[in-house]
Each structure stands twice: as C-alpha cells, then as structure tokens.
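Computed from the coordinates by the stated procedures, all read-outs in this text should not be read as laboratory data. Computed from a prediction, not measured in an experiment: that's the story for all the values here. In this analysis, Cβ positions are derived from the backbone assuming ideal geometry, glycine residues included, and neighbour counts consider all displayed protein chains.
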Amino acid sequence: MSLFSAVELAPRDPILGLNEQFNADTNLNKVNLGVGVYYDDQGKLPLLECVLKAEQQMMSSPKPRGYLPIDGIAAYDRAVQNLVFGEASPAVKEGRVATVQTLGGTGGLKVGADFLKKINPSAKVLISDPSWENHRALFSQAGFPVETYPYYDAQLRGINFEGMLAALRGAPEGTVVVLHACCHNPTGYDITPAQWDEVVAACQSRKLVPFLDMAYQGFGHGIEEDGAVVGKFVASGLTFLVATSFSKSFSLYGERVGALSVLCQGKDEAARVLSQLKIAIRTNYSNPPIHGATVVTMVLTTPELRALWERELGEMRLRIKQMRLALVEKLKAAGVKQDMTFITEQIGMFSYSGLSKDQMVRLREEFGVYGTDSGRMCVAALNSRNIDYVCESIAKVL
Ligand code: PMP
C-alpha cells in the first residue's frame, strides 16, 4: 500500500483528449477543428514577423536572466494597462490600476481567483452557460462555488440575454461574474454594446464583482473595438478585474504571456491590492518568465513593431472572417438546405455549429473532422485546402 494506491485516475481534458485521438487517426484527410489555436492558410501555426523581429533584436544584445520582480516586467505591466484601458485612460494616469504579469490568461484568472477568495471567502462565482471549459474548474479549485448564468440558447441560435440579465439581477451582492470581454468561447456569440450597458448597470446595482476574461482582444472587430467594454466598466465607477492573454493575439501560446489588472478606487487602494496579488504569485510560482513578456513589451512600445503587429493581427482577424463567409457559401454548394448564415454573425475563433453530439461523433469517426461534442468548431483552423472537405463532410452528416 502506498500513499497513492487509492488515487483515482482523473478524466482526460476533453480538448487535449480530442487532440490525442486526432493524432492517432490514420485518415489522410483528417482536419482538427477541436483546438483553440489560430493556423494560417497553409495550416501552420504562425510565427509573427513582429515577434521574430523583436527576438532578433533581443539576441543581438543578449541579456543575463536574473529573476524578475514578483509582478513581472514593469514596462510590460504599463504596456498592458495602456492596451487594455487605453493610453489616455484617467484610471491608468491616476494610478488606480494594479497590473501583474501572469502565466498566460489562465494565470491571470487564477491569481485573480486566489486574491478574491482571500478578500471575500463567502462569495460565489457565476460563469456563462456554456463557458470556456477551464473557468468552472479553475474557480472551483480556488475554493468558490461555481454556478452559471444563461447565455447560449440553441432554439434562438443566439444569446438568451433576458435570462442572462435576470440571473445577474438575482445574484447576491459580492458575486463574482466572469464575463467574456469579446469573442465568446465556445459559442462565438457576443452581446451588443447596448446589452453591455445593461450588464454594467446590473453589476452596479447588485454590487457584483465583474471579472472580464479578455483572451481574444483584436480577434473580433479590432483592438479598440474589442476592448471597448473595459471603458464601459471604467465609466461606471465599478471596481473590477481583467485577465489578458497574448497567446492568440501574438501567437505566443507556449510562452505563457498574460496579465491581471485590477481597477481600484484610488492609488492607495491599488498599492494594497498589488501587494496581495504579489502574495498570490509568490506562493504559487514566485515570479514569471522573461522571454515572452519582453517580446510583447518591445512590440507594443516600439512604433514600427507595433504597426507590424496591428497589421498581422488584422490579417488573422480578416482570414477568420473570410473562412466564415466561405463556410456559409461552401456548405450551401455542398447541398446543405438549412440557413447557415448564423456562422457569419458569430465572431472570433469559434463557431457553435448547431450540430448535435451524434453528428459531431460521425464527423470524427467517418470523416476525420474533429470538433468538440458540443458542436464547437475552430474556424481559425480552416484553410483553403481543407474547407471543401470539411463542408462536404458536414453536408453528409446534416
Ligand atoms: N480564457 C478563454 C476564454 C480562453 O479561450 C483561453 C484560451 N483558450 C484562456 C482564457 C487562456 O489563455 P492562455 O492560454 O493565455 O492561458
């Protein structure tokens, strides 16, 4: 008998499990639409030119690798604040934002969750139904009871906004509400700016704690447009949290570059909050890594690199939109009778295709086309070579 003999085998991560199944599939036509990763039209993970240029500059004057401060590179934290809140943001100028560098967007969520648990241990967390797989697990692990607010409505093929609002209005004071700032994962449906106003008002009147998850800034309508919701929360006078990820927008998945920003009521409060965020980091992984955050800082703060990034991000955004249009057109050409134009109403990397679990299983087993059982497909993994095959396969299972 060892200490570990009774340890149970945890279920496989649903998305990573799908990847393993894909890798083992011998179908030569197989297409992986299960992942949350952007691929270019050649089906390759891009290495952005702005990233490469920054790295070349870094390597031309290599630096020793000491420990970073607990909250990361100061210039990075400032660059994140300017990006998320806007260069001219009075909140930033007044020193009301506490920002720390984190291990990806996930790290930002976890540091925020640990901090919130400490200051309000009896709060509960509301996430959207459905939401990114990891939200429930992450906030549960941090010790919170996690419930959902209505979001996607299959009948409506869209958002049950009234249901969402009613849930927020009925939530007890102090409830942490996790909101996808843009490009909702997994559905691809975002609420409108006018609906955001109502969400902000509900958070305000119910004294809720908004936690914005911004994993796709720039993948929807544009950098500013996607970040506009942050401005709405700032204007409301609420205090709130924002987790940032550069995994997608810089194609830096494996470098783990993210941040957590907490908007506070004053400079002094921000300093106290920062000191608590640093404890959460220190006791988890001590301090963050250098490479990815240095790249992102250089790109965000060097005008030529910044312009190049904005162009490259724009190209990724445009390619996804083109794939959505092509999907609608080619599904029709493949004989699909039902109206699929909802695909172009969705935004960001993902599409909730409306296909049932049985249809998704058939797609996988008979055609080697992999999406999640919920019907989520990654539009950013489609390209001019695989899209015809994907559309013909979908047409056969519909
Ligand atoms: N939030 C959402 C909604 C996401 O989709 C993702 C990435 N799949 C993350 C957070 C985590 O991002 P990162 O990989 O930077 O940790």
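In the chain, what % of DSSP beta bridges are antiparallel (nearest 5)? Let's see the in-between values first.
On the way: 18 of 36 bridges.
Percentage antiparallel, nearest 5: 50.
Per-residue Karplus couplings for the range 190-202, computed as 6.51 cos²θ - 1.76 cosθ + 1.60 with θ equal to phi - 60°, are listed in order as 10, 7, 7, x, 5, 5, 4, 4, 5, 5, 4, 4, 5 Hz, Gly and Pro entered as x. Along the range 108-114 the Karplus relation, 6.51 cos²θ - 1.76 cosθ + 1.60 evaluated at θ = phi - 60°, assigns HN-Hα couplings of x, 5, 6, 4, x, 5, 4 Hz to successive residues, with x for each Gly and Pro. Please name whichever of M164, C391, A137 sits farthest to the positive end of the charge dipole of the chain, dipole taken about the Cα centre and charges placed at Cβ: Lys and Arg +1, Asp and Glu -1. Of the candidates, A137 comes out farthest on the positive side. Taking other residues whose beta carbon is less than 12 angstrom from the beta carbon of Y38, and scoring Lys, Arg as +1 and Asp, Glu as -1, yields 0. About the centre of its Cα atoms, the chain shows a dipole size close to 580 debye [charges on the beta carbon of Lys, Arg (+1) and Asp, Glu (-1) only; nearest 20 debye].
Please sort 86-94, 168-176 by packing, taking for each peptide the average over its residues of neighbouring beta carbons within 10 angstrom, highest first. Mind showing how you got there, number by number?
Values: 86-94: 14.0, 168-176: 16.9.
Final packing ranking: 168-176, 86-94.
When the charge dipole of the range 67-301 is built from unit charges on Cβ atoms (+1 for Lys and Arg, -1 for Asp and Glu) and taken about the Cα centre, the candidate among I223, Y151, I119 whose Cα reaches farthest toward its positive end is I119. Build a GNM of the chain with springs between Cα atoms under 10 Å apart, and of R319, R65, R362 the one that fluctuates most is R65. With helices as the sole contributors, the chain gives -14500 deg cm²/dmol at 222 nm; each DSSP H run of n ≥ 4 counts as -39500 (n - 2.57), and the sum is divided by every residue.
Cα convex hull of the range 67-301: how many Å³ per residue?
Details: hull volume 26.6 nm³, N = 235.
For the range 67-301, the hull spanned by Cα atoms encloses 113 Å³ per residue.
Taking amide H positions as modeled 1.01 Å from N, with prolines and chain starts lacking one, the residues under 5 Å from H221 and 5 or more places away or on another chain are D226. Using the average count of surrounding beta-carbon atoms within 10 Å as a protection proxy, the listed peptides 128-140, 242-254 rank, highest first, as 242-254, 128-140. The 3J(HN,Hα) values that the Karplus relation (6.51, -1.76, 1.60; θ = phi - 60°) gives for the range 352-362 are, in residue order, 7, 7, x, 6, 7, 4, 4, 5, 5, 5, 4 Hz. Gly and Pro appear as x. Of the residues T187, T106, T283, the one that moves most in a GNM of the chain with alpha-carbon contacts below 10 Å is T283. Taking amide H as placed 1.01 Å from N in the peptide plane, the amide H of L212 sits under 5 Å from that of L179, L241, V242, A243, each at least 5 places away or on another chain.
A cut-off of 5 Å between modelled amide H atoms, ignoring neighbours fewer than 5 places along the same chain, links L103 with G108.
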